[in-house]
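Engineer: Pasting a structure below so you can have a look.
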Amino acid sequence: MSRRDIAFIISTLIAAAALAVVPTITTKESVINLLVLVYIYVMMASSWNIIGGIAGQVNLGHAAFFGLGSLVSRILWTKGWPLSISLILGALVPVAFALLIGAPSFKLRGVYFAIGTLAMAQILFITTRNLFPMISSLPTEALSTYSLAPRYYMALGMTLLTVLVVFWLSRSRWGLGMVAVREETSAAESLGVSALQHKLLALCLSALFAGLAGGVFAYYSAGYYLFFPFFPTWTFDAVMATYIGGTGTVIGPIIGAVFYVLVKEILALRFVELHPFIFGTLFILVVLFLPGGMIQIWSRLRRLLVRKSTLAPSAAKEEQVPETNMVHDRPAVE
Amino acid sequence: MKAHIKFSAIAAVVLVLSLLLANCAPATEAPAPTQPPTQAPTQAPTQAPTQAPTQAPAKPAPEAIEIGASIPLTGKYGSLGVQVKAGYELAVQTINAAGGVYVKEFDKKIPIRLTIYDDESDPTKAVSKLESLNTEQKVVAYLGGAASDMHAATVPIAEKNKVPYCGVSFALWKIHQQGYKYLFSPFPKSPTQAEDTFKILNASIPEGQRPTKVAIFQETTDWGIELGGLWKENAAKYGYEIVDYETYAPRSENFSDMILRAKAAGAEALLAVPNQPDGIAMVKQMSEIGWTPKFMLLIRAPENPAWSEALGPLGDFVTIFPGWHYKMKWPGVEELVKKHQEAYGRPPDVLVGPAYACVEVVADAIQRAGTLDRDAIRDAMAATDLPMSMIGPIKFREDGTGIVLNPMVQWQKGQIEVVWPPEHKSADLAYPATPFDQR
Amino acid sequence: MVETLVQNIVFGLLLGALYGLAAVGLSLVFGVTKFLNVAHGELLMLGGYASFWLFNLYRVDPFLSLPLAALALVVVGVVLYLLLFSRTVKMDEEQKVQTTMLIGFGVSVILQNLAQRLWTADDRSITTAYSRMSWTLFDIRFPIVRVVSMVVALVLVIALHQFLQRSYFGKAIRATVEDWEEATIIGIDTHRVYLVAFIIGAALAGMAGTLVSVGYSIVPSMGLEWTLVCLVVMTLGGLGSIIGTFVGGLILGVAQALTAFAVGGAYRQVVGLLLFLLVLAVRPQGLFGVKEG
């Protein structure tokens, strides 16, 4: 492990520890609620990033994993199963689903894969809506004793887990293999890297953490329609958050998710009527002018500084660094 | 070109950051983004005005009573939400014009400050908006949004936060059966609607001419299932027979198979709770297939003027249970019509009245509670016995459902007319419906 | 029973024609430019509103307002292309697909909100004097507006096909699809080709919107659903194949109708999607698509 890696892990843990004390210093439940939403989005974006960013397969069916996770966890948990087992099964069922659909869907390339996965998620959405049309709300006794703190820590802990696993993955042989498959499938295969194996692993991990996020959502929500987490906007939100932050990087989806939720929320509170305009415009600006996501700001600033302090040659060299490539984004981690 | 892009990028980032900063800084400022200017007495920042006022009697009166709502102003329920918002705002305006609500504890009238957020018809957002109303504005009561599935998601939050919740525009009965203590809804509920359907038919149409063969198009949503089942249960008791019972998912474009089966079964009446696009599509396809039920009760879809705009004469003869209508003869309705006309240039839509009444219920409860303590207000609300409101007398049952009138209205010649109850009638029930191709 | 079945299929076909027309626009744009414009459903919505207001305010017959809706969408298309989509022209295919998809997300958020602000969230629909009329043939009903809509869709699709096959510009477009670098070398202005393809796609979406507003109803939030349908139909028929896409729409419409007939309305979309996945599994290039490389 390099010094940079250790620095990343330590700073992540410090950040998590800092966030862990939030419930003790604020009594504002809305802050806690907002943070829980942020955590769910971080998990969704980070987990989508495994298949969509690192392995480069634009999966538009992510909501299916999230939905399955929340469906399984919620039903088991409200039926009286222990929470931990409900959550674990809620994470495993999406993995099973990923294994089931993985091999056939990876036969599809590019847009076909994207639309095929979208169609699969839609099938699950409609079926769930038909099978479970009733709202799932907690019984009154549970509501009167509802406490936000354990939900907050659960969300924070799961998010931390997700981030650390993605970090580990990005540094592992498997992760590098995924990048290789993304960049040059045939070359990777000729070097003995099985494209299918790597993609499948990426999809399963992605499903696992999206399922966990679904479980957190199920545990957190006082009442919701069971089909709601299957709605395609969950996928699109995760995709947008990931791209805003920077795909294929560890830290990009985190930044993106935080930015996405906070900006939307603040805009919605401030400009009740106009907020979608402002948000849409902001989003397009980021897509067009920061194609590598917001973590690009960092490398741009750095380049600017480098150019100022040293002479042209080194700056010119920086220019060639492909900013979205995960192997090169390590500076952003610091 | 490169430099240009780079500059734009930096500009975008600066814009984003400054927006963030601008929004974070004045967090304590009065938020109420959609307050009509008339209602807030001052614009000065408030310091937590409504802390449990039970302790110190010498405590100064807060400058406003905080009430909040998260309403679907945009998205698929936007057309309902804007009606509800108008009702709330007009009611608050009227109350504040008279100085506000008298609160005994402070021995003075305190104006209401209403904070409304838009949840975009997204239940998750509605939940987070209610949470922030609870912690930021410290509201003493929630007003509901619109549509059964939005309420279903927000009601548990009120229960959890122990904030009294008064909502209209939902007939879902099941939600009242979960033992919620803080939920109140002065709006007709499914069991009433199901029985009234047949009662009204029997009262308005002589025996022998009644549309006794009934088709039900049941939407697969919780309210659709509930009311569909209740219709089925009650039909026989009143001498009706369900000859066709169809289920469909919301937003189906093609209803021809259902219509054909209902037609083949010889159905004379159609009962359904379609959303607006489905309702429009149903009627269009019925007219094309040439099936005109003699009686149609389509709750929800025809509840706003867009119905007749979209369908013209095809939209006539359809009946609704809207909870209220501006042609009803309650005192105060005339005044409301005038105000709504001034503000929006047309008479109030059907949800404006019930929404208005919601605010009346809350204000009345606060006055009787004599304090701004939420539990005291909740208890006062449960004991509500309003002799008169915008929707007539209001009392609540144990489960929080309102004992209120359930008027039936009907589209006639592009206008909505009240056809039930007789004392509020503006027209007779038009029956049987003229076949679509003769209109 | 048989009558109901046949009637169902007829309605399915008539709806499928709209699916087809809507998806053809998306398919053309994607085939030529590799823009995955997920705001296509919103363009359709705008076209629907253009016709709705022309009808509502000036009593312009919706079928006469088709060219006006197309024109309105051409303007929107030009603006969107010059302001946003043109910036992605130089990207490689994969990046282009992703970037335009994201731009599309942003655009759809903005357009949907715009429509809501301007025209409220109410559902709108055009009902003309002849809306309730149907032709009857062997007890099967053929609603006039839907039949005319289908004819319009068919004419537009065939016209587009002919345009691509015969005209100089059409040939330029096809040459660009084959190899844009080559096309540039032989003097084709790819920027212009892209622009033209994009605005044709927008115009088709607009006209499909008009037909939807006559037969069904329109609402600001309709975009996502129609985009999803278009994506499925486009893939079903084969990316970039105009006639194939249209046939794909018909197939989806009929499949949905048959499902509704057999297992009830609640699952009509599911079977359509399953069929789509099945086709993808067997022929990843779509029913009528040509296998790449």
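The values are calculated or read from the model by the stated rules, or taken from the named source; none is laboratory data. All of these numbers come straight from a predicted model, not from anything done at the bench. Neighbour counts run over all protein chains shown; Cβ positions are idealised from the backbone, glycine included. Keep in mind that these areas ignore ligands, DNA and RNA; they rest on the heavy atoms of the full protein, side chains included. Shrake-Rupley method; radii C 1.70, N 1.55, O 1.52, S 1.80 Å.
Engineer: Give the angle, between 0 and 90 degrees and rounded to the nearest 10, that separates the Cα long axis of helix A:195-220 from the longest principal axis of the Cα atoms of chain A.
Structural biologist: Taking Cα atoms only, the helix is inclined about 40 degrees.
Engineer: Evaluate E = 1/(1 + (r/R0)^6) for C:MET91 and A:SER172, where r is the Cβ-Cβ distance and R0 equals 35 Å; express this FRET efficiency to the nearest 0.05.
Structural biologist: My answer for the efficiency is 0.70.
Engineer: Okay, next question. Calculate the FRET efficiency for A:VAL22 and B:ASP379 from the Cβ-Cβ distance with a Förster distance of 30 Å, rounded to the nearest 0.05.
Structural biologist: 0.30
Engineer: For C:257-269, what's the mean count of beta carbons from other chains sitting within 10 Å of each residue's beta carbon?
Structural biologist: 6
Engineer: Evaluate the charge dipole of the protein assembly as shown about its Cα centre and quote only its size in Debye, nearest 20, assuming +1 on the Cβ of each Lys and Arg and -1 on the Cβ of each Asp and Glu.
Structural biologist: It comes to approximately 1580 debye.
Engineer: Can you list the residues of the range B:60-77 that have at least 50 square angstrom less accessible area with all protein chains present than in their chain by itself, probe 1.4 Å?
Structural biologist: Buried by the other chains: B:THR74.
Engineer: Within the accessible area of the range C:2-282, what % is carbon and sulfur when the probe is 1.4 Å and the other protein chains stay in place?
Structural biologist: So the carbon and sulfur contribution to the accessible surface is 69 percent.
Engineer: Roughly how tilted is helix B:333-344, in degrees to the nearest 10 and between 0 and 90, from the longest Cα axis of chain B?
Structural biologist: Rounded to the nearest ten degrees, it is 70.
Engineer: Between chains C and B, what is the buried accessible area in Å², counting both sides, with a 1.4 Å probe and ligands, DNA and RNA left out, to the nearest 100?
Structural biologist: Result for this pair: about 3200 Å² buried.
Engineer: Interface A/B, total buried accessible area with a 1.4 Å probe, nearest 100 Å²?
Structural biologist: That pair of chains buries around 4000 Å² in total.
Engineer: Still on this model: Calculate one ³J(HN,Hα) per residue across the range A:165-174 by plugging θ = phi - 60° into the Karplus curve 6.51 cos²θ - 1.76 cosθ + 1.60, and present them in order as whole Hz with x for glycine and proline.
Structural biologist: Computed from phi, the couplings for the range A:165-174 are 5, 4, 4, 4, 4, 5, 9, 8, 4, 4 Hz.
Engineer: Relative to the first principal axis of the alpha-carbon coordinates of chain B, what is the inclination of helix B:78-97, with its axis defined by its Cα atoms, in degrees from 0 to 90 and to the nearest 10?
Structural biologist: Here the helix axis deviates by roughly 50 degrees.
Engineer: Positive end of the charge dipole of the protein assembly as shown (Lys, Arg +1 and Asp, Glu -1 on Cβ, about the Cα centre): tell me which of A:LEU212, A:TYR146, B:SER128 has its Cα farthest that way.
Structural biologist: Toward the positive end, the furthest listed residue is A:LEU212.
Engineer: Starting from the Cα of B:LYS213, draw a straight line to each of the aspartates and glutamates and keep only those under 19 Å, dropping any in the same chain fewer than 8 residues away.
Structural biologist: B:GLU195, B:ASP196, B:GLU233, B:GLU241, B:ASP244, B:GLU246, B:ASP257, B:GLU268
Engineer: Give a quick list of chymotrypsin sites (Phe, Trp or Tyr not before Pro) in the range C:114-155 that DSSP marks as loop, anything other than H, G, I, E or B, with at most 11 other Cβ atoms within 10 Å.
Structural biologist: C:PHE138
Engineer: Also, I was wondering about something else. Please work out the FRET efficiency for the pair C:ILE158 and C:VAL75, using the Cβ-Cβ distance as r and a Förster radius of 22 Å; give the result to the nearest 0.05.
Structural biologist: Given R0 = 22 Å and the Cβ-Cβ separation, E is 0.30.
Engineer: Counting DSSP beta bridges in the protein assembly as shown, what percent are antiparallel, to the nearest 5?
Structural biologist: 40 percent
Engineer: So, one more: Where does the charge balance sit around B:GLU105 when Lys and Arg score +1, Asp and Glu -1, over other residues with C-beta under 13 Å from its C-beta?
Structural biologist: Charge balance near B:GLU105 sits at +3.
Engineer: Under 5 Å between amide hydrogens, which residues at least 5 positions from B:THR115 or on another chain qualify, with H placed 1.01 Å from N in the peptide plane?
Structural biologist: B:ILE67, B:GLY68, B:ALA69
Engineer: Within a 10 angstrom radius of each residue's Cβ in A:138-149, how many Cβ atoms of other chains show up on average? Whole number is fine.
Structural biologist: Whole-number average of other-chain Cβ neighbours for A:138-149 is 4.
Engineer: Share of the range A:138-211's accessible area from carbon and sulfur, percent, 1.4 Å?
Structural biologist: C and S atoms contribute 66 percent here.
Engineer: Still on this structure: Which residue, B:TYR248, B:GLY315, A:ALA96, has the largest displacement toward the positive end of the dipole of the protein assembly as shown when charges sit on each Cβ (Lys, Arg +1; Asp, Glu -1)?
Structural biologist: The residue sitting most towards the positive pole is A:ALA96.
Engineer: When only DSSP loop residues count, what GluC sites (Glu not before Pro) in the range A:179-236 have their Cβ near at most 15 other Cβ atoms within 10 Å?
Structural biologist: Sparse-neighbourhood loop GluC sites (Glu not before Pro): A:GLU184.
Engineer: Which entries of B:LYS327/B:LYS425; A:LYS264/B:LYS85; B:LYS76/B:LYS125; B:LYS189/B:LYS413 show an alpha-carbon separation above 19 angstrom in the structure shown?
Structural biologist: A:LYS264/B:LYS85; B:LYS189/B:LYS413, as the Cα separations exceed 19 Å there.
Engineer: Determine the shielding of peptide C:97-105 by partner chains: average, over its residues, the number of Cβ atoms on other chains within 10 angstrom of each Cβ.
Structural biologist: Mean inter-chain Cβ contacts per residue within 10 Å come to 6.
Engineer: Going toward the positive end of the dipole of the range A:3-333, with +1 on Lys and Arg Cβ and -1 on Asp and Glu Cβ, which of A:THR159, A:LEU131, A:PRO276 do you reach last?
Structural biologist: The Cα lying farthest towards the positive end belongs to A:THR159.
Engineer: Turning to a different aspect of this structure: For the range A:116-230, give the magnitude of the charge dipole about the Cα centre (Cβ charges: +1 Lys/Arg, -1 Asp/Glu; no others), in debye to the nearest 20.
Structural biologist: Charge dipole, the range A:116-230, about its Cα centre: 60 debye, nearest 20.
Engineer: So which of A:LYS107/C:LYS96; B:LYS162/B:LYS395; B:LYS263/B:LYS294; A:LYS28/B:LYS162 end up more than 18 Å apart by C-alpha?
Structural biologist: Pairs exceeding the cut-off: A:LYS107/C:LYS96; B:LYS162/B:LYS395.
Engineer: Over the range C:2-282, with the other protein chains present, what is the accessible area per residue in square angstrom, probe 1.4 angstrom?
Structural biologist: Here the per-residue accessible area is 35 Å².
Engineer: Can you return the aspartates and glutamates within cross-link range of C:LYS34? Criterion is Cα-Cα under 19 Å, with same-chain partners fewer than 8 residues away left out.
Structural biologist: C:GLU42, C:ASP92, C:GLU93, C:GLU94, C:GLU178, C:ASP179, C:GLU181, C:GLU182, C:ASP189, C:GLU292
Engineer: With charges set only on the Cβ (+1 for Lys and Arg, -1 for Asp and Glu), what does the dipole of chain C come to about its Cα centre, in debye to the nearest 20?
Structural biologist: Here the size comes out at about 340 debye.
Engineer: Turning to a different aspect of this structure: Could you please report the charge total around B:ARG251, scoring K, R as +1 and D, E as -1 over all other residues with beta-carbon less than 13 angstrom from its beta-carbon?
Structural biologist: -2
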